[in-house]
Structures are given as C-alpha cells and as structure tokens.
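Here the structure comes first, spelled out in structure tokens, and everything after it is commentary.
Only the coordinates and a few stated rules stand behind these numbers; no lab work does. Keep in mind it's a predicted model, so treat the numbers as computed, not measured. Cβ atoms come from the backbone with ideal geometry, glycine included; neighbour counts cover every protein chain shown.
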Amino acid sequence: MIFTETRGNDGKHQARLSFSGALQSPIASFGGIYSPESMPPLDPDFLGAHLDSSYKKLALALLQHLGIDIDTQVLRQALDLYDRFDDATDPVPVVKLDQKLYVSELYHGPTRAFKDMALQPFGLILSALAQQQQKQYLILTATSGDTGPAALETFRNRANIRVACLYPDGGTSDVQRLQMVTEDAPNIKVIGIRGNFDDAQSALKSLLSSKTFNQRLCALKISLSAANSVNFGRIIFQMIYQFHCYLALVRQQAITLGEGIVLHIPSGNFGNALGAYYAHRLGLPITKIAIASNANNVLTEWIQTGRYDLSHRALITTTSPAMDILKSSNVERVLFDLFGATRTRELMQQLDELGWYQLEPQEHEQVTGIFAADFCSDSEGKEYIRQTFAQGYLLDPHTATCLKTCQSEPFMDQVNLIYSTAEWTKFASVMDNAINGNEPDSDQAALESVATAAGIEVPEVIAQLFEKPIAHPDVVDKQDIESEILKFLESER
Ligand SMILES: *Cc1c(COP(=O)(O)O)cnc(C)c1O
C-alpha cells in the first residue's frame, strides 16, 4: 500500500510513503496528510471465505491484502492485544436491540472506549519500529477524555516511547481523569491544565513550534510523533471491525451474505467513519454510512448541503464531549479519495482562509451517494438513553446520537448497525441524569445509582479506579507546560 499527499507536494516532503513511513510522520505538504493512493478491491470470495474466521485471522488477512510493510510477527503480536478484551474470542460483540437494529460494542478494551480498538495495536507497532530504527519517540497528546487514557494504556512501559498527555482540569469526567492520573509508569507524564480543551490543544501547538523545546528534543535525540486519528496507523485498525461486524450479522442470520446494511456512526474527527468508507471501497456491502453528530453539527450540514462552514460557529459543550469537534480532520481524506489532490488543496485552503467551502452539485452528489447525516440535541439524547434503558440496554451519550439517524425513513426496511463507542461507565453522571433524573455530585455516586437501577454491579475496572493512588497530581498554568515536560524528559534518562 502506497501513501500519497492529500494536498500535493511542495518539494520538501516525501511525495509517496510506505505504511510505516506514514505512521511515523503523518504530516504532508501544504498542511495535508498522507492518504492511500488507491484501495485494492477485495476478491469477491473474501467475505464468504472468512465467515468463520476469528477476529485476529480476519484482521491479518485484511492487513496482508492491503500490503503494509510491517513484519508479520510484529503484526501478530499487535493483534494478540485483542486477547485482553473482555472476551478474547469475540472482542467486538454485535448485540440485537430491536427488529433490524443492532449495536456493535466497540468498547470492550482496557479503557472502555473505542479508541482502544486502534490504539492498542498501534502502540505496539510504533514501539517495534522505534526499536528497529533505534529511535526514541515522544508522543504528545492533548485529550478531552478518551484518547488520553487509551494512549497511556497502550504506550505504558513500551520501549523507546515516552508520552506526555495534557488534559483540561475539570473538563473530563472523573472516570476519564482517574484513568489518566492513576496510570503509573516511568515513561508517562500526565499534566492537568488550568483551562479548557482548546487551551490544552493550543498549549500543545505552541509547544510543537517552540524553538527552545525543539532544540532540547534534538539534543536529547528524541523525535516527535502523534497518536491522533490523522495517523493512518490508527485508521487501518478501524477498517477491520467493519468487516467483522458485517460477518457477525451474517452469522446471526440478520442478513444474507452480500446484502447491504446501513451503518450509524457517532462522529467527531471522522476516523471511525473513514474506516467504514474505506471498507465500502474495498467492497463491503454498505448501502449508507449515516454520520451522527451532536449540536456541533458541522458534519450534518456538510453532508446535507455540501457546505463545510465554520464561519458562523463556536464550539458548544455537550453531553457527548468526544464529538465536540468542528474541524473534523479525516474529512480531508474523503475529499482526496473522491476529487484528487488539486481540488482537495483548493477546498482546504479556502476553509483555512474563509472558514467555509461549498462543493459543486455533482461533487455533493458523490458525497451523498454513500453518506447520510443527522444530529441529536442533548435533550433528545437523554430521551433515547431513557427509552433504551426501559428496554433493558445501557447506551452511552455518544452512541445515543445514532438513534436519531436511525429515524430516517429510507433506513426503516434495512438492517441498521449502530457503532457503540463508549461504555456507559465513562459518562455516569449524564446516564444517572437521563435514567434517574438525578443531578449527582460525583461520578462515583452516579455509577452506584445507575448500577442499582440496572440491577448490575459497577464493573471492577471502573470501581477500582477510585481506590488507586494518584501518580500524576500536577495541574499547571499553560506557560509552565514546556518546563514540566522537559523536566520529565531529562529526569528519565
Ligand atoms: C473518539 C470518539 C468518538 C468520535 O470518533 P471519530 O473517529 O473521531 O469520529 C465518538 N465517541 C467516542 C466515545 C469517542 O471516544
């Protein structure tokens, strides 16, 4: 598989890279990213041949089909990490919710959110590449709650990698914060920032462009890398479960082999949706990919009208914080795949300069050929959580937005598959409010209250977080981040 630049080449970056190259340096010319040059269609017999394959066997076959330049032995080790999910024989259960309505539970990994699906294998592969090349990497990440825990969990104690993770103090759920600050390993540093997620992200950006910081990194022989979802090393592992879930529906006799299904995806940075798009390009029978958003409905507008418009928007804080995003990075890869590099560069430049772009009618038609979209307010989401709970199922606030896209008339007589991106435990206060009408003053109280209402125990991995010692107590002002991180890098040697 060859990767090329979404906005063309400026003579300073590599025009083409292998998978391992794109994984190590995802940023390309003119602010673009690396994206597959083409998608090799699968053999028509592929699905039928893998009807009874395990998750790992299916994954290896797909990765080999895509032709990625990672040693098979390393790939096998990376895929073995799915054995740490709740059920090693079925890491992604597909559950029937209603007639023609199924949920694919992507959250059975160590940090209870779908970020584990990709970050678990990604962490092992990046560490293996760093060791082969005798390089040291620093992963810098700013998180609003789910990426941080999943990145720390995958990189903890991995050779040749260090992680510094910034989170907004008071801007995550208690469970998410505890997942980070109790993570005790010598190659990890977690820092709370006085401010919101935007402050954390802009602090990270100014760090990346700081001359003193980069000089110190150079002197310490440490390279920077990124673990966010523009990194194709994450996207590739988000293509696999699309096939697994389709085959699970065939095994459950919900569909026959070859029958089309509708996917419903709670979206933010569009990584999950991009995985579905590529799966469709490889030949998986998907009739529509429905993009669910919250009140930050920039993707709904883009898909419904062809206009991507930030100019009239400010970020709104919602009860589905992992989807509180306006600049959805992976949309660029869809533009590139459909319209090529010249047009993508033109559109993305216009977005940077004017804050909006408008697709031509025939371009918009290509987008709506595969994507549909709707958005869900917090109060609608709460109602969906309440109704679904009454049917005996706990739906987290992100996943709940998909019940809105499911209302669309044309989807009624098809089989609909919702991707569930988080376990309810990560957003217990929202759940307690939706289900019991409470205004809990802590996540711990909310967890107990929801568990009691559901007649279950609070899962052990979550309950024990409240007992663990805090390994990273630091909360600092923005201007002190650079010195905190340098102290960490220098102390560890
Ligand atoms: C990251 C995340 C999303 C959004 O996924 P994208 O791939 O960025 O679109 C949705 N829900 C949860 C719980 C997440 O953690």
What ranking do 212, 368 get, fewest neighbouring Cβ atoms within 10 angstrom at the top? 212, 368
Flagged as over-length at 22 Å C-alpha distance, from 327/487; 57/288; 115/426, the pairs are 327/487; 57/288
Mean separation of Cα contacts under 8 Å (6+ apart) over length of the chain, as relative contact order %: 18 percent
I want to check the label-to-label distance for residue 159 and residue 135. Put each point 7 Å from Cα in the C-beta direction and report it in nm to one decimal. 1.7 nm
Let a ≥ b ≥ c be the square roots of the eigenvalues of the Cα gyration tensor of the range 103-235; is it rounded (a/c under 1.5), or, if not, prolate (a/b larger than b/c) or oblate? oblate
Rounded, prolate or oblate, given the Cα gyration tensor of the range 269-334, with a/c below 1.5 counting as rounded? prolate
Residue by residue through the range 42-47, which ³J(HN,Hα) values in whole Hz follow from phi under the Karplus form 6.51 cos²θ - 1.76 cosθ + 1.60 (θ = phi - 60°), with glycine and proline marked x? 7, 4, x, 7, 4, 4
Tell me, 289, 265, 191 in order of fewest to most beta-carbon neighbours within 10 Å? 191, 289, 265
Rounded, prolate or oblate: which fits the range 29-86 when a ≥ b ≥ c are the square roots of the eigenvalues of the alpha-carbon gyration tensor, with rounded for a/c under 1.5 and prolate only if a/b beats b/c? oblate
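Counting each pair of different Cα atoms once, what's the Kirkwood radius of the range 2-68 in Å, rounded to one decimal?
Result for the range 2-68, one decimal place: 13.6 Å.
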Over the range 55-212, what is the relative contact order in percent, taking alpha-carbon pairs closer than 8 angstrom and at least six residues apart? 17 percent
If you line up the Cα atoms of the chain on their principal axes, what length do they span on each, largest first, in Å? 62, 54, 49
Take the alpha-carbon centre of the range 235-307, take the same for the range 1-60, and report the distance between them in whole Å. 18 Å
Enumerate the amide H contacts of residue 187 below 5 Å, restricted to partners 5 or more residues apart or on another chain; note that Pro and chain-start residues carry no placed amide H. 157
Given R₀ = 35 Å, what would the calculated FRET efficiency be for residue 464 paired with residue 210, taking r from the Cβ atoms and rounding to 0.05? 0.40
By average C-beta atoms within 10 angstrom, highest first, the peptides 160-168, 313-321, 412-420, 115-123: 115-123, 160-168, 412-420, 313-321
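Can you give me the Rg/Rh ratio for the range 328-424, using Cα atoms for both radii and the Kirkwood formula for Rh?
1.08
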